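Q: Mind having a look at this structure? Questions to follow.
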Amino acid sequence: MNDVRQPIVRFRQVGKSYDGITRVVEALDLDIYEGEFLSLLGPSGSGKTTCLMMLAGFESPTEGEIWLGDTLLNTTPPHKRDIGMVFQSYALFPHMTVAQNVAYALTVRRVASAEKAAAVKRALDMVRMSEFANRLPKSLSGGQQQRVALARALVFNPRLVLMDEPLGALDKRLREHMQVELKDLHSKLGLTFVYVTHDQSEALTMSDRVAVFDAGRIQQIDRVDSLYETPGNGIVANFVGDNNVFVGRLLSLDGERGEVGLPDGGVLAGRVVGELHVGDTVRACVRPERMVLPPSGAACAPAPSINVVRARTAGTLYFGDHVRVRFALHGQENGFVKVPLGDAGWVQGHAGDELVLQFAERHLRIFS
Ligand code: ADP
Ligand code: MG
């Protein structure tokens, strides 16, 4: 789909150093497509905000180019970029009313007052804050202030809306509510959203595509389902979603299929990702929801020898809609499986009980 569309933003070999020594963003190439909801996801310090600030014009690249359409942005000042920005801290002007805050970008752009009033009303309607137009920010809740900040970013019909952890200061319930609102607003307006977050579930639920950042580089950029199902390396696999990780040695390699020997003698087979050699120490990863307890009565079926993990129950965690059964395996970090409540026989499992788990070969990915 993406190959026929023209990107609206292009980062080309962009690097950034604040101190002239270390690069916090390195050789970054990134295409952003018109109308998409793209998230930049990664741990704290991985360079997400720096990228957003370079796009908004509050920081400049040390090397490389950033293009918005046909305009080279490197030397374009922020207010000429046609980009709306929402900060985590809201950054509303405390002495201005809600309406004046939202009008600010239009005042700076010398928009005539009748047109300005109409645009402010439209933007406040969009975020359902019209009735608060004459209030001061300090009389609003955090969620309401964030809505005003959003209206302020949308009011001048920007080509691009950037948001840096905009929901970070809200409590969980309100955050989840706002995630749905933002997603709805995005599809209604058809604007291009670039959204920074360190919260992988937030990135997965809201975005069309996610760019996973680590140490100033994009590790993978993909549609959310591909990112989850086919992570391109161990960093992505472990940052996006949960994983059970088994460390072992690569015993054999046949095309993309590899077999991993575990210290306890078990053998796991799956798909090798990246360049690996027989004898390498590897990490075999499988999602918790892909590991199952064999169906009851399976005792009489011939026991498969590959992709069976014989572990010990280490405890259970009750999640309301499912139970997580934690397991311990000699020489490995503890893992867990998700058991739907319908099968909650497992709630009665005792710590130390043997737990036999299995999974299909296609669900195991082997990384360096
Ligand atoms: P993220 O948003 O992913 O948490 P940042 O882009 O804020 O990451 O930061 C990346 C790195 O750059 C961090 O090591 C951070 O300390 C450093 N950094 C960010 N902003 C500045 C700045 N204004 N001056 C110096 N170093 C900075
Ligand atoms: Mg940041």
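The values are calculated or read from the model by the stated rules, or taken from the named source; none is laboratory data. These numbers come from a predicted model, not from an experiment. Neighbour counts run over all protein chains shown; Cβ positions are idealised from the backbone, glycine included. Ligands, DNA and RNA are stripped out before the accessible areas are found, and what is left, the full protein with its side chains, is counted by its heavy atoms. Shrake-Rupley method; radii C 1.70, N 1.55, O 1.52, S 1.80 Å.
Q: Counting only helical runs of four or more DSSP H residues, what would the 222 nm mean residue ellipticity of the chain come to if each run contributes -39,500 (n - 2.57) and the total is spread over all its residues?
A: Calculated from helices alone, the mean residue ellipticity at 222 nm is -7000 deg cm²/dmol.
Q: In the chain, carbon and sulfur make up what percent of the accessible area (probe 1.4 Å)?
A: That share works out to 51 percent.
Q: Could you do me a favour and compute the accessible area per residue for the chain, 1.4 Å probe, result in Å²? Could the numbers behind the result be given before it?
A: Numbers: 17890 Å² over 368 residues.
About 49 Å² of surface per residue is accessible.
Q: Measure nothing but the geometry: give the 0 to 90° angle between the long axis through the Cα atoms of 113-126 and the longest principal axis through the Cα atoms of the chain, rounded to 10°.
A: The two axes meet at around 20 degrees.
Q: Let me ask something additional. Sorted from largest to smallest, which semi-axis lengths in Å does the alpha carbon gyration tensor of segment 67-164 give for its equivalent ellipsoid, taking the root of 5 times each eigenvalue?
A: For segment 67-164, the semi-axes come out at 23, 15, 11 Å.
Q: Quick one: divide the alpha-carbon radius of gyration of the chain by 2.2 N^0.38 Å and tell me what you get.
A: After normalising by residue count via 2.2 N^0.38 Å, the value is 1.20.
Q: Local charge sum around residue 123 (other residues, Cβ-Cβ under 15 Å, Lys/Arg +1, Asp/Glu -1)?
A: Computed value for this residue: +4.
Q: Using the per-residue mean of other Cβ atoms lying within 10 Å as a proxy for protection, in what order, highest first, do the peptides 313-325, 139-151 fall? Before the final figure, lay out each step's value.
A: On the way: 313-325: 15.2, 139-151: 20.0.
The most tightly packed comes first, giving 139-151, 313-325.
Q: Would you please report the Å³ per residue occupied by the convex hull of the alpha carbon atoms in segment 1-149?
A: 156
Q: Based on the Kirkwood radius over alpha-carbon pairs, what is the Stokes-Einstein translational diffusion coefficient of segment 100-219 at 10 °C with 1.306 mPa s viscosity, in µm²/s?
A: 103
Q: Can you compute the equivalent ellipsoid semi-axes for segment 70-114, i.e. the square root of 5 times each eigenvalue of the Cα gyration tensor, sorted largest first and rounded to whole Å?
A: Semi-axes, largest first: 23, 16, 7 Å.
Q: Additional query: Please report the Cα spread of segment 1-67 along all three principal axes, rounded to whole Å, starting with the longest.
A: 39, 24, 19
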